[in-house]
Amino acid sequence: MMPRDAAPVLLWLRAELRLDDNPALAGALASGRQVLPVFVLDDLAPGHWAPGGAARWWLHHSLAALDADLAARGAPLVLRRGEARREIPRLVAETGALEVHAGDPTEPWARHQMEALERDLAGQGRRLVLHRARALFDPDAIRTGTGGWFSVFSPFARACHARGLDGPPCPAPAHIPSPPPPPSDRLADWSLTPRAPDWASGLAATWRPGEAGARAALRAFLDASLAAYDRRRDVPGIVATSRLSPHLAWGEISPRRVWLAASGAGQGRGLTSFLNELLWREFSQYLLHHHPHLPEAPLRAEFARFPWREDPAALRAWQRGRTGIPLVDAGMRELWQTGWMHNRVRMITASYLVKHLLISWREGAAWFWDTLVDADLGSNSASWQWVAGCGADAAPYFRIFNPVLQGQKFDPDGAYVRRFVPELAPLPDRFLHAPWEAPEPVLAAARVRLGGTYPRPVVLPAAGRERALAAFHGLDGIPA
Ligand SMILES: Cc1cc2nc3c(=O)[nH]c(=O)nc-3n(C[C@H](O)[C@H](O)[C@H](O)COP(=O)(O)OP(=O)(O)OC[C@H]3O[C@@H](n4cnc5c(N)ncnc54)[C@H](O)[C@@H]3O)c2cc1C
């Protein structure tokens, strides 16, 4: 057994895969002891929201980048697979570590896991030290005037602004003193990336996972898009948003770093609007913290009785981008090809599923969970509930996005639909978002055969809207 004064501390990296502004790393270094960085792939136990396929692809590349960054500072990453509650104490026993420093989890299952682990480690005379690494604010500190929790975004955002960030970021250390590492799994053996068929080539062409990629994405956004963010953020055919979401979801950059960099680089409405979106992320995490059932149960209890339809064929058409509604299909194909979808189109595709198709938001959230590189339990669950009308501060159920009007407004030149639904590209702009309205000669000239080269709508916007409103009004107790 290692003498106590030479004992190291473990730095347990979970979803804060970075060296810059990582309070868990700073805490581990502040112990004055050698630091052993570890990552545990805990994806086997039931009840955990294990990363979906696209997120696993991201994780693989992010861990490879992190390992290189850590090794360059003298502290290679140790990988273990299994239940964290067993693997962490095992590593503690192997290395004689005195403390375990980790990021504070937001997922309810992970919080339970941490509580249990804390007790187990205390039984071994060891300490688990948690650091806030993913959120801007302590969710227990942001309270209403009467001491309760916010359920409406605007006053929540005002309370965050009034509180202000606590403290400056902690920069990445130049060197991390580290003990000789215990045996590690090989990343390649975890099979996080797909074998044949390789569905991830579009992801690889779109993204650069890892801390350096996150910094580059932030820089590009600040230089090219922040100033006009408020005016252009809803246009899916152009790159006008930061595309930082997967980097933030995996903690490759801290929200504090993003907030401060944007505040230093921008001003006016572009900046205000961008900070507001960072606060929507914060609000989603806050909701998950205070409502641990958010991923499974509607926040508005009356929606538990909503008559969702079981329609596997329609669900599959939606998942595959074959609903016959061009903007919806473009969004779902962007998701499949790149692991990401523009925010406005996320709202439209989600609305089409829960309102026009009357399929439960939980089905949609599960598909997004599996296909998004930025899958985040708080943001995904809160956003789906928001669209379905059953969440906190949600859009009223009767406010139903019309995907044709949305397309004409936000994709007027059809750049987005033409990119992802190329079989419709030759159609004139006028009919691009509603090909079923095009006269037969126009379709023929564009070589579009509805029901052949492109599907007829599963449900037309107007008919779907009527059906959704009828289902909604059939429920007692849901205020309009
Ligand atoms: C149905 C649905 C599901 C969603 N699921 C997720 C998810 O799993 N993970 C996720 O990160 N976002 C999710 N979002 C929110 C949002 O669509 C993405 O965060 C955003 O599109 C990411 O693009 P960006 O990084 O360019 O965002 P920007 O516009 O550049 O915004 C900056 C950052 O703010 C945060 N943000 C922006 N908009 C929102 C929002 N509406 N809610 C919460 N955070 C926001 C993100 O972290 C984002 O990276 C979902 C939205 C909807 C409607």
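Readers should treat all values here as calculations from the given coordinates under stated rules, not as data from a laboratory. This is a predicted model, so every value here is computed, not measured. Counting neighbours? That spans all protein chains shown, and the Cβs are built from the backbone with ideal geometry, glycine included.
Cα convex hull of the chain: how many Å³ per residue?
Values: hull volume 74.0 nm³, N = 480.
Cα-based convex hull of the chain, divided per residue, equals 154 Å³.
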Would you pull out the residues with amide H under 5 Å of residue 454's amide H, same chain only if 5 or more places away, H placed 1.01 Å from N?
-> 449
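Report the longest stretch of the chain that contains none of the GluC sites (Glu not before Pro) sitting in a DSSP loop with at most 12 other Cβ atoms within 10 Å.
Working: sites that count: 296, 310.
Longest stretch, sites excluded: 1-295.
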Amide H neighbours of residue 360 under 5 Å, at least 5 residues apart or on other chains, H built in the peptide plane: list them.
-> 309
With the calculation restricted to Cα positions, what are the radius of gyration and Dmax of region 239-337 in angstrom?
-> 18.2, 50
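Please report Rg over Rh for region 374-427, where both radii come from the alpha carbon positions and Rh follows the Kirkwood definition. Please report the intermediate quantities before stating the final value.
On the way: Rg = 15.1 Å, Rh = 13.4 Å.
So for region 374-427, dividing Rg by the Kirkwood Rh gives 1.13.
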Going residue by residue through region 399-411, the Karplus relation 6.51 cos²θ - 1.76 cosθ + 1.60 with θ = phi - 60° gives ³J(HN,Hα) values, rounded to whole Hz and with x marking Gly or Pro, of 7, 10, 4, 8, x, 6, 5, 4, x, 5, 7, 9, 9
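Report, to two decimal places, the Cα Rg of region 301-473 normalised by 2.2 N^0.38 Å (N = number of residues). Please report the intermediate quantities before stating the final value.
Details: Rg = 15.7 Å, N = 173, 2.2 N^0.38 = 15.6 Å.
Dividing the Cα Rg of region 301-473 by 2.2 N^0.38 Å gives 1.01.
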Relative contact order (%) - the chain, alpha-carbon pairs under 8 angstrom, separation at least six | 17
Listed residues 337, 395, 458: farthest to the positive end of the dipole of region 301-473 (Cβ charges) = 458
Would you calculate, for the chain, the mean residue ellipticity at 222 nm contributed by helices, counting each DSSP H stretch of 4 or more residues as -39,500 (n - 2.57) and dividing by all residues, to the nearest 500?
-> -13500 deg cm²/dmol
Square roots of five times the Cα gyration tensor eigenvalues for region 4-134, Å = 21, 19, 13
Label point at residue 463 placed 7 Å out along Cα→Cβ; residues across region 299-325 whose backbone nitrogen lies under 15 Å | 314, 323-325
In degrees, nearest 10, range 0 to 90: what is the angle between the Cα axis of helix 377-388 and the longest Cα principal axis of the chain?
-> 20
Tilt of helix 361-371 relative to the longest C-alpha principal axis of the chain, in degrees (0 to 90, nearest 10)?
-> 60
Amide H contacts under 5 Å for residue 41, placed H, 5+ residues apart = 80, 81, 82
³J(HN,Hα) across region 328-340 via Karplus (A = 6.51, B = -1.76, C = 1.60, θ = phi - 60°), whole Hz, x for Gly/Pro?
-> 5, 5, 4, x, 5, 6, 4, 4, 5, 7, 10, x, 8
Using the C-alpha atoms of region 20-66, what convex hull volume per residue, in cubic angstrom, is computed?
-> 119
Placing each pseudo-label 7 Å from Cα in the direction of the beta carbon, residue 204 and residue 293 end up separated by a distance in nanometres of 4.4
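Hey, what did region 4-134 get for relative contact order, percent, Cα under 8 Å, at least 6 apart?
Values: 202 pairs, mean separation 45.6, N = 131.
That works out to 35 percent.
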Separation of the residue 449 and residue 44 label points, Cα + 7 Å toward Cβ, nm = 5.1
With θ set to phi - 60° and the Karplus curve 6.51 cos²θ - 1.76 cosθ + 1.60, what are the ³J(HN,Hα) couplings of region 207-221 in order, to the nearest whole Hz, using x for Gly and Pro?
-> 10, 10, x, x, 5, 5, x, 5, 5, 5, 5, 4, 4, 4, 5
Loop-only check: which trypsin sites (Lys or Arg not before Pro) in region 366-462 are DSSP coil with at most 16 other Cβ within 10 angstrom?
-> 399, 447, 449
Separation in nanometres of the label points that stand 7 Å from Cα toward Cβ, at residue 277 and residue 436 | 3.2
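What's the FRET efficiency of residue 269 with residue 166 using the Cβ-Cβ distance as r and R₀ = 30 Å, to the nearest 0.05? Can you show the working numbers first?
Values: r = 26 Å, r/R0 = 0.88.
The value I calculate is 0.70.
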Between the helical axis of 53-72 and the dominant principal axis of the chain, each derived from Cα atoms, what acute angle in degrees is found, rounded to the nearest 10?
-> 30
